[in-house]
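See structure below.
A short reminder: the numbers here are calculations on the coordinates, not readings from a lab. Since this is a predicted model, take the numbers as computed values, not measurements. Heads up, the Cβs are rebuilt from the backbone with ideal geometry, glycines too, and the neighbour counts pull from every protein chain shown.
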Ligand code: MN
């Protein structure tokens, strides 16, 4: 069983007493069948929990309060098989704190030509009841996903499954702690941000830890622990260096950071090459390994990208492809085939690798420390997104761009870091102009596994601004959108 199954989504069917007990019994039976069908579908990653149907304002409020307080519950899915007057839902929905999906489906796929009479119509009237339910969500301005279609159709189930992943991101976000070793890189603007606003809006607890405490932990790691971690490295990567001492130091660093993250309950961390007092190397292999294990990481003190890396990794759990901290580094501007080359000083997550990564040791131009060990590899081809969260002052903006990763067109034998090459949508020139106009950072989360829709749903549920740059984006359209969103977000 996938570990995504630990997240529960409560399937809540609304009705009323007008129809009598027999109809309500049928409503409950049909809801159970749908919940079971969704649960057994191969495309829905989380658990769907059938809840007894709700028919009064008190029942509705009670179940929503229970959903709020249940730690396993990552969201609710509502469906109105019959007509459930929506004023009954106001008190409940006004206290709803969990992600909300309105599933507009129907128990029967087709209208039974001979079988349809008024009893049938009264039982199978979601076309009617779900409109009443939709109105109250809109009237109350509640962010929610509306999924329309027959519950046995795979594309419909997939839509619910995708939304569930975004809802899991919300739960992870609200519980996330980020450990910072050192501050933001001096003078850098885009990696800065309001940590109090981030905690209020996104739930992140972002706090600092002394680098000296990490050094103490690194020095305390037992050599036997390092020996067994080195065996793991040998199994998973190609050893392309004789400098085993450098690798052992990264192994110690990995174990020390992991211990501190576990003890503090942190899912993400940052560091900066400007504050490595007492450390022999900038963590390279160590950070790559921790990202591979699911931790978020941000270089140069970038806690926003670190948090987003962890959240997006959790959202993508069990999917093919890989999700990683990334940085736009350099371009190939060959006319008609313009490409971006992404990498970082050291820290690119090996979940992106096309082949077995190599462990190499090379000097690092900045930071003034010993030559760090790192994993070197190429990213694989495929559709992907890059996502960047920036602080606009008074609000956060999430910018997502569709990209198409390609096999790097050069070998680049002297480039000592992992690299990924991609074509930005709609094309590099338009895409980069839009990205820069939107204020997107050089640091991003790169994901083969997630789509822009996952991120849009996440942004809506977190109530943050969202900008998407895709195949149909134009500069004129984007400028208008930025202008209108700027006004509307200031009014919010
Ligand atoms: Mn960087």
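If you take the square roots of the eigenvalues of the alpha-carbon gyration tensor of the range 1-133 and sort them as a ≥ b ≥ c, do you get rounded (a/c under 1.5), prolate (a/b over b/c) or oblate? Kindly include the intermediate steps, with their values, before the conclusion.
Details: a/c = 2.25, a/b = 1.29, b/c = 1.74.
Taking the square roots of the gyration eigenvalues as a ≥ b ≥ c, the range 1-133 is oblate.
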- prompt: How big is D for the chain, in µm² s⁻¹ as a whole number, if Stokes-Einstein is applied with the Kirkwood radius of its Cα pairs at 4 °C and 1.567 mPa s?
  reply: 53 µm²/s
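I'd like to compare 391-403, 150-162: which one has the highest average count of other Cβ atoms within 10 Å, and what's the full order after that?
Values: 391-403: 20.2, 150-162: 16.9.
Descending mean neighbour count gives 391-403, 150-162.
Under the classification rounded if a/c is under 1.5, otherwise prolate if a/b is larger than b/c and oblate if not, where does the range 230-317 fall, given a ≥ b ≥ c as square roots of the Cα gyration tensor eigenvalues?
Working: a/c = 1.94, a/b = 1.34, b/c = 1.45.
Cα axes put the range 230-317 in the oblate bin.
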- prompt: If you count, for each residue, the other Cβ atoms within 10 Å and average over each peptide, how do 280-291, 186-197 line up from highest to lowest?
  reply: 280-291, 186-197
task: Quick one: angle between helix 428-438 and the longest Cα principal axis of the chain, in degrees between 0 and 90, rounded to 10, please.
output: 80 degrees
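Shape call for the range 236-394 from the C-alpha gyration tensor, a ≥ b ≥ c root eigenvalues: rounded (a/c under 1.5), prolate (a/b greater than b/c) or oblate?
rounded
Which FRET efficiency, nearest 0.05, do residue 329 and residue 228 yield, Cβ-Cβ r, R0 35 Å?
Working: r = 35 Å, r/R0 = 0.99.
The computed FRET efficiency comes out at 0.50.
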- prompt: In degrees between 0 and 90, to the nearest 10, how far off the longest principal axis of the chain does helix 244-264 point, with axes built from Cα atoms?
  reply: 40 degrees
task: Give me the distance in nm between label points sitting 7 Å out from Cα along the Cα-to-Cβ direction at residue 70 and residue 486, one decimal.
output: 4.5 nm
query: Which percent of Cα pairs goes in each bin when the distances of the range 380-492 are cut into 10 angstrom slices starting at zero?
result: 13, 44, 30, 10, 3, 0
task: Quote to one decimal, in nm, the extra length available between residue 220 and residue 429 on full extension: 0.36 nm per residue of separation minus the C-alpha distance between them.
output: 70.2 nm
statement: Taking a crude spin-label model, label points 7 Å out from Cα along the C-beta direction, the residue 111 to residue 277 distance in nm is 7.7 nm
- prompt: By how many degrees, between 0 and 90 and to the nearest 10, does the Cα long axis of helix 211-220 differ from the longest principal axis of the chain?
  reply: 70 degrees
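I need the semi-axes of the equivalent ellipsoid of the range 67-138: take the C-alpha gyration tensor, multiply each eigenvalue by 5, square-root it, list largest first in whole angstrom.
28, 14, 9
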- prompt: Over all Cα pairs of the range 153-223, how is the pair count split among 5 Å bins, expressed in % and running from 0 up to the last occupied bin?
  reply: 3, 13, 13, 15, 13, 13, 11, 9, 5, 4, 2, 0
- prompt: Under 18 Å from the 7 Å Cα→Cβ point of residue 200, by amide nitrogen: which residues of the range 453-492?
  reply: 462-465, 489-492
task: Based on the mean of other Cβ atoms within 10 Å per residue, sort peptides 371-379, 39-47 so the most packed one is first.
output: 371-379, 39-47
task: Grab the Cα-Cα distance for residue 43 and residue 118, subtract it from 0.36 nm times how many residues apart they are, and report the gain in nm with one decimal.
output: 23.5 nm
